[in-house]
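For reference, the structure discussed in these notes is given below.
The values are calculated or read from the model by the stated rules, or taken from the named source; none is laboratory data. Keep in mind that this is a model prediction, so the values were computed, not measured. Neighbour counts run over all protein chains shown; Cβ positions are idealised from the backbone, glycine included. With ligands, DNA and RNA removed, areas are computed over all heavy atoms of the protein, side chains included. Shrake-Rupley method; radii C 1.70, N 1.55, O 1.52, S 1.80 Å.
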Amino acid sequence: MRVDVLTLFPEAFTGPLDISIIKRARERGILDLHVHNIRDWALDKHRTVDDYPFGGGHGMVMRVDVLDRALEAVQGMAEPRGLVIYLSPQGERLNDRIVRELAREPRLILVCGRYEGVDERFIEHCVDREISIGDYVLTGGELPAMVLIDAVTRHIPGALGDDASSLDESFADGLLEHPQYTRPAEYKGWRVPEVLLSGHHARIAEWRKQQRLLRTQQRRPDLLAGRGGPEEGGDSS
Ligand code: 9D3
């Protein structure tokens, strides 16, 4: 997959995407990442990319003309033109389903906003999908773009090792993970659950499944809603 990022802070993308699975995916050519500075498409001598909002208000808005020029130029650099995603607090919230959909695309173009956001005409005419990573305020779209790249890359065939790819199915069944332990079996009197030391593989599997259900009930009941609990599966209703 080719991913192009349009940002005012291209240097933000050098560190985080250069480690671990993402680094390996880039080395293997599974992820072909190109980061572009939107300011390169500003025309005046101060390379202005933003301006005051029409109608008044605080903060600045990114200009539609600069963004459109940048996007046209980047789309013209390779085929296909790519799915254009604007990272925005107003977008649909990213989840496992969306990540898997995006992983099937041959090319993504990620636009990162700064200041108070971008001129709405850019979204209306140029953007295919507007995506948020959650309901909290960040300073720009760069970290969300990196989150999206990380999550999507893991789902491109061949990005994970064979053992990792089967483990990665776990989120798809909608339950939280069971707790994990490693040596030593006792530390400061803190013991690993006895069943895990027993060697009874069937009992261990049963215990883990129970732990996953219990934790999901306690911590993320929203994940269990609608998957056929007692109130849906029983004969009382
Ligand atoms: C504090 C300013 N806000 C009220 C006037 C508006 C605002 C503008 C720009 C809030 C956040 C941002 C920058 N955020 C993003 O570009 C962003 C984001 C986020 O803040 N949270 C979760 N997902 C995303 S995706 C892009």
Nearest 500 deg cm²/dmol is fine: what mean residue ellipticity at 222 nm does the chain get from its DSSP H runs of n ≥ 4 alone, each adding -39,500 (n - 2.57), divided by its residue count? -9500 deg cm²/dmol
What net charge is computed for the residues neighbouring residue 211, neighbours being all others with C-beta under 15 Å from the C-beta of residue 211, Lys and Arg scored +1, Asp and Glu -1? +3
At q = 0.12, 0.26 Å⁻¹, what is the log10 ratio I(q)/I(0) for the stretch 79-138, with the Debye formula run over Cα points and no solvent? -0.29, -1.20
How large is the Kirkwood hydrodynamic radius of the chain, in angstrom, based on all distinct alpha carbon pairs? 21.0 Å
Please compute P(r) over all alpha-carbon pairs of the stretch 59-200, binned at 10 Å starting from zero, and give each bin as a whole-number percent. 9, 30, 26, 16, 10, 6, 1
Per residue, how much accessible area does the chain have with a 1.4 Å probe, in Å²? 61 Å²
With 0.36 nm assigned to each residue of separation and the Cα-Cα distance removed, residue 11 to residue 121 gains 36.9 nm
Relative contact order (percent, whole number), the chain, Cα cutoff 8 Å, 6+ residue spacing: 20 percent
Rounded to whole angstroms and listed largest first, the alpha-carbon spread of the stretch 170-227 along its three principal axes comes to 40, 26, 15
Counting pairs of alpha carbon atoms under 8 Å apart in space and at least six apart in sequence, what relative contact order in percent does the stretch 98-153 give? 57 percent
